[in-house]
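Taking it in order: structure first as structure tokens, then the write-up.
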Amino acid sequence: MGRDITTPSTRLVAAARIAAASLYDGEDTDNLVAIDVGCDHAKLAIYLVQSGICQKVTASDINEGPVSKARENVSRRTLMGAPLSDYIDIVLTDGLTGLSDRNANRIFILGMGGEVISGILDRADFVRNDVNKGKIKFILQPMTSEDKLREYLLESGYNILDEEMVLDKERVYAVMSVCFDGIKREYTPAQLLLGKSNIEKGGELFCRQLDRRIRITEKAIADRKKAELDCSELENLLREMQEMKEKTT
Ligand SMILES: C[S@@+](CC[C@H](N)C(=O)[O-])C[C@H]1O[C@@H](n2cnc3c(N)ncnc32)[C@H](O)[C@@H]1O
């Protein structure tokens with residue numbers, strides 16, 4: 001039996017493609033073992049093994065509903081004659097709790113708030129130990145608070161290796177490729193908000209996001225001025241973004 005591939009959303013396919021690329025010279029990308037935290041219906045996990053990107057996936061979720069739907073979706077499928085459950089393990093757990101023995105070299109945390117994602121990483125000491133340092137590629141996609149997530153990552157010694165802006169059903173998502181190396185880094189306010197590599201790469205989606213952020217910041221400044229509150233930080237951010245806009249036009 002061949003590979004019967006169920007293609008998920010553009011956003012999840014982009015995350016899978018980012019995971020497939022090697023993290024360091026000489027990495028064995030024929031042996032990628034993943035954890036997908038917050039797997040929902042396990043669409044990504046199914047795609048990762050069906051497409052041959054990952055050899056094993058632990059798909060976890062904190063809620064029973066998604067876990068039972070994920071189990072049902074996996075149990076209905078086979079891969080080259082074997083049950084898909086030989087390749088995908090579905091686990092009910094909070095974040096990465098209890099998953100330190102999975103020997104994962106790819107960890108996906110997608111579709112959650114930026115602060116939820118940083119909380120999940122922060123509670124999982126094993127991802128930063130000497131064995132795993134530099135060996136796990138994290139693929140992160142926040143729905144909100146992108147700036148807070150970037151700030152947490154940089155302050156905690158994670159390196160944001162690359163970012164990709166993905167358009168999926170009229171919404172733009174930032175998908176980050178991240179690795180822990182223990183070195184703290186700093187971004188400017190606009191780099192935290194928009195992503196340093198997104199700024200460097202530019203492009204149509206970036207310009208769209210930049211315009212949106214400028215509009216939101218202008219409104220926040222006007223609101224704060226009305227309430228007679230300090231807006232110096234927002235004004236600095238706005239200035240930095242306006243300078244960026246001048247360079248792109
Ligand atoms: C909006 S869905 C996103 C599903 C999928 N990751 C995606 O990007 O399409 C968020 C999922 O994360 C799960 N979730 C939220 N907090 C979690 C946590 N602390 N640990 C594990 N799963 C969590 C929810 O139950 C839900 O299934």
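Taking the options THR29, THR58, name whichever one is more than 23 Å from ALA174 (Cβ to Cβ) and in contact (Cβ under 8 Å) with a residue 24 or more places away in the chain.
THR58
Within 10 Å of the ligand (Cβ to nearest atom) and touching a residue at least 60 places away in the same chain (Cβ under 8 Å): does that describe ILE120? Steps first, answer last, please.
Values: within 10 Å of the ligand (Cβ to nearest atom): yes; touching a residue at least 60 places away in the same chain (Cβ under 8 Å): yes.
Yes, satisfied.
Do the conditions hold for TYR173, that is, is it free of Cβ contacts under 8 Å to residues at least 60 places away in the same chain and touching a strand residue (DSSP E or B) at 6+ places or on another chain (Cβ under 9 Å)?
Values: free of Cβ contacts under 8 Å to residues at least 60 places away in the same chain: no; touching a strand residue (DSSP E or B) at 6+ places or on another chain (Cβ under 9 Å): yes.
No.
Considering only residues of the range 86-116 that are within 9 Å of the ligand (Cβ to nearest atom) and of a type in the set (Val, Ile, Thr), which is surrounded by the most Cβ atoms within 10 Å (Cβ to Cβ)?
Only one residue tops the list, namely ILE109.
Identify the residue in the range 151-165 that is assigned to a strand (DSSP E or B) and out of contact with any Gly (no Cβ under 8 Å at 6 or more places or on another chain) and, among all such residues, is surrounded by the most Cβ atoms within 10 Å (Cβ to Cβ).
Across the range 151-165, the extreme among qualifying residues is TYR158.
For the range 49-71, which residues satisfy the criterion of being at negative phi and more than 12 Å from the ligand (Cβ to nearest atom)? So that I can check it myself, show each step before the final result.
Of the residues in the range 49-71, the ones at negative phi are 49-51, 53-71.
Result: VAL49, GLN50, SER51, ILE53, CYS54, GLN55, LYS56, VAL57, ARG71.
Can you confirm whether LYS43 is basic (Lys, Arg) and either buried (at least 22 other Cβ atoms within 10 Å of the Cβ) or within 25 Å of VAL166 (Cβ to Cβ) (or both)? Give the derivation first.
Working: basic (Lys, Arg): yes; either buried (at least 22 other Cβ atoms within 10 Å of the Cβ) or within 25 Å of VAL166 (Cβ to Cβ) (or both): yes.
Yes: the conditions hold for LYS43.
Results for (1) in contact (Cβ under 8 Å) with a residue 60 or more places away in the chain; (2) in contact with a Ser or Thr (Cβ under 9 Å, 6 or more places away or on another chain); (3) closer than 26 Å to TYR152 by Cα, shown as yes or no for each residue.
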position	(1), (2), (3)
CYS39	no, yes, yes
GLU64	no, no, no
SER68	no, no, no
ILE107	yes, no, yes
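Every residue, every condition in (1) outside the structural domain of GLN55 (by TED's automatic domain parsing); (2) at positive phi; (3) small (Gly, Ala, Ser); (4) in a helix (DSSP H, G or I), yes or no:
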residue: GLY111; (1), (2), (3), (4): no, yes, yes, no
residue: VAL116; (1), (2), (3), (4): no, no, no, yes
residue: ILE120; (1), (2), (3), (4): no, no, no, yes
residue: LEU140; (1), (2), (3), (4): no, no, no, no
residue: LEU149; (1), (2), (3), (4): no, no, no, yes
residue: LEU167; (1), (2), (3), (4): no, no, no, no
residue: VAL172; (1), (2), (3), (4): no, no, no, no
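Just one of the numbered conditions (1) basic (Lys, Arg); (2) under 26 Å from ALA14 (Cβ atoms); (3) surrounded by fewer than 16 Cβ atoms within 10 Å (Cβ to Cβ) is not true of LYS196; which one?
(3)
Which of the residues that make up the range 212-234 are more than 23 Å from the chain's Cα centre (by Cα), of a type in the set (D, E, K, R), in a helix (DSSP H, G or I) and exposed (fewer than 14 other Cβ atoms within 10 Å of the Cβ)?
If the condition is that a residue be more than 23 Å from the chain's Cα centre (by Cα), of a type in the set (D, E, K, R), in a helix (DSSP H, G or I) and exposed (fewer than 14 other Cβ atoms within 10 Å of the Cβ), then ARG215, LYS219, ASP223, LYS225, LYS226, GLU233 are the ones that fit.
Going by what's in this entry, would SER197 be described as in contact (Cβ under 8 Å) with a residue 24 or more places away in the chain, in contact with a strand residue (DSSP E or B) (Cβ under 9 Å, 6 or more places away or on another chain), small (Gly, Ala, Ser) and outside any helix (DSSP H, G or I)?
no
From the list ASN73, ASN105, pick out the single residue that is assigned by TED's automatic domain parsing to the domain that holds ASP147, more than 19 Å from the chain's Cα centre (by Cα) and not small (Gly, Ala, Ser).
Result: ASN73 is the single residue among ASN73, ASN105 that is assigned by TED's automatic domain parsing to the domain that holds ASP147, more than 19 Å from the chain's Cα centre (by Cα) and not small (Gly, Ala, Ser).
The values are calculated or read from the model by the stated rules, or taken from the named source; none is laboratory data. Note that the structure is predicted; figures quoted are calculated from it, not measured. Note: ideal-geometry Cβ built from the backbone for every residue, glycine included; neighbour counts use all protein chains shown.
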